[in-house]
Amino acid sequence: MSRVALVTGGTRGIGAAISVGLKAAGYKVAASYAGNDEAAQKFKAETGIPVFKWDVGDFDACAAGIKQVEAEVGPVDVLVNNAGITRDGFFHKMSKENWNAVINTNLNSLFNMTRNVWEGMMARKFGRVIVISSVNGQKGQAGQANYSAAKAGDIGFVKALAQEGVRSGITVNAICPGYIGTEMVAAIPEEVLKSKILPLIPVGRLGKPEEIARCVAFLASDDSGFITGSTISANGGQYMA
């Protein structure tokens, strides 16, 4: 029987590439999303991957959504905590609402999602929890105090939870992408991209979503069983931790 993988934010950008990559690797994949129904239905039609809508910042919604996934697809063996948002702004202008929105979606969601699959993984003596953090959680970024704090918290979550999962056959790891060619990065003015961002990346280009997906597929596999509590930096050499 194929293992079941659940990817949050799994219908667009890096998440879509992860969902498609895991399906190609033989997993039964479910993709969750928060709001863009049109994009989600297009993704479902193109890939055949079932989609489920809920807010990862809401614990009860996560519990209900995961229950639906497990009823329709199967118990979750691989959880990819990918969903994330940005609400950028310099700290002296940052609102409480923008702080809370990013912390809730990018950090609290790890508890909301993982808590609802953890005991099942323990009972089955197998699990893979993969968190998509960010290079800015490693090095910080001006104008992203909320985002950098959440993504740094993701890494701390991974290091702690990995120690709890080892005896139950569960690994917990993080991937920190750098600048990846997604819709979010495409919104950056081309002049800024060429003059301010690409010069910081030694390989001289943006990453591809599929490159992050391949990292996820490896961490989800049996071959990665000796790796836990680790962080893979996929940033083209921009920051070497």
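Here are the numbers for the structure shown:
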quantity: Extent along principal axes [Cα atoms of the range 73-132; Å; largest to smallest]; calculated: 48, 18, 15
quantity: Two-site label geometry, residue 184 and residue 208: point separation in nm, points 7 Å out along Cα→Cβ; calculated: 2.1
quantity: Relative contact order (percent, whole number), the chain, Cα cutoff 8 Å, 6+ residue spacing; calculated: 20
quantity: Other-chain or far-sequence residues with amide H under 5 Å of residue 221's (modelled H); calculated: none
quantity: The range 135-241 - Kirkwood radius from inverse mean 1/r over Cα pairs (Å); calculated: 15.0
quantity: Size-normalised alpha-carbon gyration radius of the range 1-136, reference 2.2 N^0.38 Å; calculated: 1.05
quantity: Residue-count net charge about residue 158 - beta-carbon cut-off 15 Å; Lys, Arg +1, Asp, Glu -1; calculated: +2
quantity: Rough spin-label spacing in nm, given labels placed 7 Å along Cα→Cβ, for residue 37 and residue 96; calculated: 3.3
quantity: Table column - 3J(HN,Hα) (Hz), the range 142-150, Karplus curve with 6.51, -1.76, 1.60, x for Gly and Pro; calculated: 4, x, 9, 4, 5, 5, 5, 4, 5
quantity: For the chain: rounded, prolate or oblate by the Cα gyration tensor [a/c cutoff 1.5]; calculated: rounded
quantity: Sites excluded, trypsin sites (Lys or Arg not before Pro) in DSSP loops with at most 11 other C-beta within 10 Å, longest stretch of the chain; calculated: 1-124
quantity: Pairs beyond 28 Å (Cα-Cα), from 28/139; 23/208; 53/96; 44/159; 44/67; 23/151; calculated: 28/139; 44/159
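All of the numbers you see were taken from the coordinates with simple rules; none came from a lab. Being a predicted model, the structure only gives us computed values, none of them experimental. Note that each Cβ is placed from the backbone with ideal geometry, even for glycine, and that neighbours are counted across all protein chains shown.
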